[in-house]
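The values are calculated or read from the model by the stated rules, or taken from the named source; none is laboratory data. Computed from a prediction, not measured in an experiment: that's the story for all the values here. Backbone-built Cβ (ideal geometry, glycine too); neighbour counts: all protein chains shown.
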Amino acid sequence: MRFIRQVMVITAKDLRAEMRTKEAINASFAFAIVVLLILSFAFEPTEDTTREISGGLLWIVFLFAGTLILNRSFARELPNDCLDALIAAPVPGAALFLGKGLANFVLIFAVEIVALPVFGIFYNVRWARQFWALILVMVLGTWGLTAIGTVFGALTVNIRLREVMLPLLVYPIMIPILLGAMKLSTELVAGQPISGDLMVWLKLLFGFDIIFTALSLVLMDTVLLG
Amino acid sequence: MRQKVMFVMLALAMILLVRNLYTISMLPDEVNQGQIFRIIFFHLPAAIAAMLGSAVALVASVMFLWKRNFKYDALAVAVTEVGLAFLAVNLVTGSIWAHVIWGVWWAWDPRLTSALICWILYAGYLILRQSLEEPTQRATFAAVYSIFAFTDVPIVYFSIRWWRTIHPQPVFFSKNGSFPPDWSRALLINMVAIFLLYALLTMVRLRQEQTQREIDYLRRTVHAI
């Protein structure tokens, strides 16, 4: 119980701080729109061929937009030495990870939920035909990205070139998650249900979410004290 | 003593490799592929050596986090760096083979893609190390990264069995392997030689790392005085 309360306190703190400034979420959403706009030059946005890669486009946008939020998550704690205070607080690293992770998840998911209809309008895709399955994939995929991003956000916060190092380190590790999410989203946006061969990707997504979450819970203390 | 062991290993690896070059060149051409099939005698051992290297890197990283002994950190760097070179050998030889047999240098096939992902992952490990100055922090963060990176390696191993792929099926350690006995023997000997080379290069790199730490220690002592 105590653990859950600690997690909730940290999540609430992060969300409150974000809601007061809105610096990360505004930037992230604006960035998502810019990426959507630029991708429309790379492909003919309304053609059928674009629809076949729509899942990929969607997750590229989510990934880029999410990186901005993940980068801010620990960088926000640097002024006034808040990070040292957080580490010194009587809260285990696992609780800090889950608290930060949940807050990041809520923020990234909020950006995704708003960016999704915009994507549908710009690219003329009727994305809502498999609505709940798509939401499930987004939740699983986003949690995977968030778990890795949160640990490595803590790891890179004191490194030179922090903003570059985070994506450089986490994108390759995220590949199994992105791969599964992209494959599933493409089919779901096209209106196909998850069945047969697609179940493998869903299992992959589940499996890696569990692996990455477990690793993060165990290693967070090491990262914070390292 | 250690130096002698290293020289013996070097000599052994060289003798085996030279002898094997002769054996391999004497083998008859493969029916479908012709000459180019011989690349497998280097392609496969390099891949297996690199994969074993990643496992050693994982163990060394976990041991470092557990024992906090820099010996393990040095082992992790050494084995990762040499492994990266061997994986590069694997990718390049595979690419040459693909150019001859498939007519393209690269195909975005699960097996090839996941091998490339591994290469990029472990390159990231070295970049991460470079951007950290403080030795303890560098070793800790690198170990954490190495543990995360390793989660990708099993995918490489199983991708060929899980997903439909155009990469040739395993000829070794599997039921429908079709390697004649004398080819298998040549491959095994080559594998031993390449593993020896891997171990040797790792030992050289390990010694470099230890010397580096000694120099750092002496420099700090001088500054203290």
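Just checking: which of the helices (runs of 4 or more DSSP H) contained wholly in region A:1-84 hold 2 or more residues that are touching a helix residue (DSSP H, G or I) at 6+ places or on another chain (Cβ under 6 Å)?
Details: elements: A:2-21, A:23-42, A:48-52, A:54-75.
Hits in region A:1-84: A:2-21, A:23-42, A:54-75.
Just checking, how many residues over region A:187-226 are more than 9 Å from every other protein chain (Cβ to nearest Cβ), over 16 Å from B:Phe148 (Cα atoms) and surrounded by fewer than 17 Cβ atoms within 10 Å (Cβ to Cβ)?
Qualifying residue count for the region: 9.
Is region A:165-186 home to any residue that is loosely packed, with under 15 Cβ neighbours inside 10 Å and more than 9 Å from chain B (Cβ to nearest Cβ)?
Within region A:165-186, none of the residues are loosely packed, with under 15 Cβ neighbours inside 10 Å and more than 9 Å from chain B (Cβ to nearest Cβ).
Only one of (1) assigned to a helix (DSSP H, G or I); (2) at pLDDT below 95 fails for A:Asn124. Which number is that?
(1)
With (1) within 17 Å of the chain's Cα centre (by Cα); (2) at pLDDT below 90; (3) hydrophobic (A, V, I, L, M, F, W, C) as the list, and A:Leu198 as the residue in question, which single condition is left unmet?
(1)
Tally the residues that are surrounded by fewer than 18 Cβ atoms within 10 Å (Cβ to Cβ) and farther than 18 Å from A:Pro167 by Cβ, restricting the search to region A:46-63.
6
Yes/no per residue for (1) out of contact with any Leu (no Cβ under 8 Å at 6 or more places or on another chain); (2) over 14 Å from A:Leu184 (Cβ atoms); (3) within 14 Å of chain B (Cβ to nearest Cβ); (4) among the small types (Gly, Ala, Ser):
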| site | (1), (2), (3), (4) |
| --- | --- |
| A:Ala115 | no, yes, no, yes |
| A:Gly120 | yes, yes, no, yes |
| A:Tyr123 | no, yes, no, no |
| A:Arg126 | yes, yes, no, no |
| A:Ala133 | no, no, no, yes |
| A:Gly141 | no, no, no, yes |
| A:Ala147 | yes, yes, yes, yes |
| A:Val151 | no, yes, yes, no |
| A:Asn158 | yes, yes, yes, no |
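Would region A:144-152 turn up any residue that is touching an Asp or Glu at 6+ places or on another chain (Cβ under 9 Å) and surrounded by fewer than 21 Cβ atoms within 10 Å (Cβ to Cβ)?
There is no residue in region A:144-152 that is touching an Asp or Glu at 6+ places or on another chain (Cβ under 9 Å) and surrounded by fewer than 21 Cβ atoms within 10 Å (Cβ to Cβ).
Could you list all residues from region A:88-109 that are of a type in the set (A, V, I, L, M, F, W, C) and within 10 Å of the chain's Cα centre (by Cα)?
A:Phe105, A:Val106, A:Leu107, A:Ile108, A:Phe109
Any residue at all in region A:150-167 that is assigned to a helix (DSSP H, G or I) and under 15 Å from A:Leu58 (Cβ atoms)?
Pass one, region A:150-167, residues assigned to a helix (DSSP H, G or I): A:150-156, A:162-167.
Imposing the further condition that a residue be under 15 Å from A:Leu58 (Cβ atoms) reduces the set to none.
Taking every residue of region A:150-167 in turn, none turns out to be assigned to a helix (DSSP H, G or I) and under 15 Å from A:Leu58 (Cβ atoms).
Conditions (1) among the aliphatic types (A, V, I, L, M); (2) at pLDDT below 90; (3) surrounded by fewer than 21 Cβ atoms within 10 Å (Cβ to Cβ); (4) in contact with a strand residue (DSSP E or B) (Cβ under 7 Å, 6 or more places away or on another chain), marked per residue:
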{"residue": "A:Arg2", "(1), (2), (3), (4)": "no, yes, yes, no"}
{"residue": "A:Arg20", "(1), (2), (3), (4)": "no, no, yes, no"}
{"residue": "A:Ala30", "(1), (2), (3), (4)": "yes, no, yes, no"}
{"residue": "A:Ser40", "(1), (2), (3), (4)": "no, yes, yes, no"}
{"residue": "A:Ala65", "(1), (2), (3), (4)": "yes, no, no, no"}
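Can you pull out every residue in region B:138-157 that is surrounded by fewer than 23 Cβ atoms within 10 Å (Cβ to Cβ), β-branched (Val, Ile, Thr) and under 24 Å from A:Arg162 (Cβ atoms)?
Answer for region B:138-157, where residues must be surrounded by fewer than 23 Cβ atoms within 10 Å (Cβ to Cβ), β-branched (Val, Ile, Thr) and under 24 Å from A:Arg162 (Cβ atoms): B:Ile147, B:Thr151.
A quick yes/no check of all residues on (1) part of a helix (DSSP H, G or I); (2) more than 15 Å from A:Tyr171 (Cα to Cα); (3) more than 9 Å from chain A (Cβ to nearest Cβ):
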site: B:Val82; (1), (2), (3): yes, yes, yes
site: B:Val92; (1), (2), (3): yes, yes, yes
site: B:Val104; (1), (2), (3): no, yes, yes
site: B:Arg111; (1), (2), (3): yes, yes, yes
site: B:Ile127; (1), (2), (3): yes, no, no
site: B:Thr140; (1), (2), (3): yes, yes, no
site: B:Ala143; (1), (2), (3): yes, yes, no
